[in-house]
Amino acid sequence: MTEDDGERGDASRISGARLPVLNRRFEFKSYPETRDFLDRLADLSKREEYYPNVSFGKTYVNISIDSEGQAALNERQSTFLSEMEALAAAGNGRPAGR
């Protein structure tokens, strides 16, 4: 445990266990589809007041939600994750590897 971990308290733990980082990669057929997803994700982030780590290229978007972010979303009973998945599906995005 680092000094930083001790200062965070239990915010990143559920039932005493640290949550793993949640990574999602969505692939799109074109840049306009990617851009549309990113715009909608930005709107969702503003509404939920949660901003995951995002990286993207022409036809893909990588999203990482650390354990603290997951704990915060769980505490608020947020639908961020399911809405993010629905936005990708609506924009013809598909999870990588599927």
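Picking from residues in the range 17-27 that are within 21 Å of Thr79 (Cβ to Cβ) and in contact with a helix residue (DSSP H, G or I) (Cβ under 9 Å, 6 or more places away or on another chain), the one that is surrounded by the most Cβ atoms within 10 Å (Cβ to Cβ) is Phe26. Of a type outside the set (A, V, I, L, M), in contact with a Phe, Trp or Tyr (Cβ under 6 Å, 6 or more places away or on another chain) and in a helix (DSSP H, G or I): does that describe Ser82? It is false that Ser82 is of a type outside the set (A, V, I, L, M), in contact with a Phe, Trp or Tyr (Cβ under 6 Å, 6 or more places away or on another chain) and in a helix (DSSP H, G or I).
The criterion of being of a type in the set (Lys, Arg) and part of a helix (DSSP H, G or I) does not hold for Arg25. The sole residue among Ala86, Ala96, Ala72 that is free of Cβ contacts under 8 Å to residues at least 40 places away in the same chain and either within 16 Å of Asp39 (Cβ to Cβ) or aliphatic (A, V, I, L, M) (or both) is Ala86. A count restricted to the range 28-59 and to residues that are touching a helix residue (DSSP H, G or I) at 6+ places or on another chain (Cβ under 7 Å), among the hydroxyl-bearing types (Ser, Thr, Tyr) and surrounded by fewer than 15 Cβ atoms within 10 Å (Cβ to Cβ) stands at 2.
For the range 70-79, the condition of being surrounded by fewer than 17 Cβ atoms within 10 Å (Cβ to Cβ), at pLDDT 95 or above and assigned to a helix (DSSP H, G or I) holds for none of the residues.
Listed here are the residues, each with its yes/no results for (1) modelled with pLDDT under 90; (2) in contact with a strand residue (DSSP E or B) (Cβ under 8 Å, 6 or more places away or on another chain); (3) on the phi < 0 side of the Ramachandran plot.
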| site | (1), (2), (3) |
| --- | --- |
| Glu7 | yes, no, yes |
| Phe28 | no, yes, yes |
| Arg47 | no, no, yes |
| Val54 | no, yes, yes |
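The values are calculated or read from the model by the stated rules, or taken from the named source; none is laboratory data. None of the values given here were measured: they were computed from a predicted structure. With ideal geometry, Cβ positions are generated from the backbone for all residues, glycine too; neighbour counts draw on all protein chains shown.
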